[in-house]
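Since the structure comes first, as structure tokens, the remarks are kept for the end.
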Amino acid sequence: MSTKIIVSYDGTANEDDAIALGRVFARAGADVSVAYVRHSVEPDYSGETLAQNEAEALLGRAAELLGNPQAAKHVVTDRSTPEGLRALAQAEGADAIVFCSDSHTAKGHVAVGNSAERLLEGGSTAVAIAPAGLAERSPEAGVRQVVAIGDANGGAEATAQALAGALGASIAPVANQDADLLVVDSRTDAEQGRVSISSSASHLIEIATCAVLVVPRGVSLSFGRTTAGAVA
């Protein structure tokens with residue numbers, strides 16, 4: 001069964017970077033969908049219909065950028081973006097949620113936005129963050145090096161191995177400027193199956209120049225090439 005991944009998308013600054021990272025996971029064989037969280041319901045029928053249509057059109061564009069117009073599109077209504085995405089992930093059985101970096105992030109760097117930060121403490125779904133400017137990079141560059149950060153009892157190592165195998169990448173022993181993806185374990189004292197990052201991991205994310213995937217404690221994500229729903 002394919003790993004299920006949801007890309008959070010609202011069409012604003014840096015959001016295309018999240019889609020670009022979603023494309024990476026789709027190439028690795030994941031089932032990738034897109035989601036937009038509306039924060040209110042319009043009081044009248046015509047206004048609600050217009051708002052819903054606009055949200056669906058936005059996700060249609062996201063699916064086109066993903067390279068899979070048939071990708072599942074989720075319009076969620078919740079006052080809180082992270083809570084709406086958390087509920088959606090639980091309902092869909094999603095394994096990870098992908099975010100872009102904060103809108104003020106310098107290109108080539110990672111910054112955790114408010115929604116991602118909320119899900120990085122105590123959530124049960126892996127969280128991925130794309131570096132600013134990822135969508136502008138050449139797709140031919142691909143993923144060459146994957147780095148696992150954590151201990152043998154976490155899920156980062158197995159997840160990194162699966163991603164590397166699916167993407168034809170190598171595993172690097174330490175994070176460096178050539179790394180394309182960091183897979184980070186949750187802290188050793190985190191509850192099994194929950195996300196919680198240590199201060200050292202948080203610092204590593206702050207200085208990262210590549211995509212980051214944080215997995216729940218003891219959980220590994222499986223990847224593998226697939227022809228169904230593949231993204232070019």
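The values are calculated or read from the model by the stated rules, or taken from the named source; none is laboratory data. Since this is a predicted model, take the numbers as computed values, not measurements. With ideal geometry, Cβ positions are generated from the backbone for all residues, glycine too; neighbour counts draw on all protein chains shown. What goes into the accessible areas is simple: the full protein's heavy atoms, side chains included, and nothing from ligands, DNA or RNA. Shrake-Rupley method; radii C 1.70, N 1.55, O 1.52, S 1.80 Å.
One line per residue, one yes/no per condition, for (1) open to solvent by less than 70 Å² (accessible area, probe 1.4 Å); (2) touching a residue at least 60 places away in the same chain (Cβ under 8 Å):
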position: GLU117; (1), (2): no, no
position: GLY123; (1), (2): yes, yes
position: ALA126; (1), (2): yes, yes
position: ALA141; (1), (2): yes, no
position: ALA148; (1), (2): yes, no
position: ASP151; (1), (2): yes, no
position: ALA162; (1), (2): yes, yes
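Give the number of residues within the stretch 86-110 that are touching a Gly at 6+ places or on another chain (Cβ under 9 Å) and open to solvent by less than 50 Å² (accessible area, probe 1.4 Å). Residues that pass the stated criteria total 8.
Looking across ILE97, ILE171, one residue alone is within 17 Å of the chain's Cα centre (by Cα) and of a type outside the set (Gly, Ala, Ser). It is ILE97.
Of the numbered criteria (1) open to solvent by 50 Å² or more (accessible area, probe 1.4 Å); (2) among the small types (Gly, Ala, Ser); (3) modelled with pLDDT under 95, the one ALA57 fails is (3).
If we scan the stretch 178-189, do we find a residue that is of a type in the set (Gly, Ala, Ser), open to solvent by 20 Å² or more (accessible area, probe 1.4 Å) and touching a helix residue (DSSP H, G or I) at 6+ places or on another chain (Cβ under 9 Å)?
no
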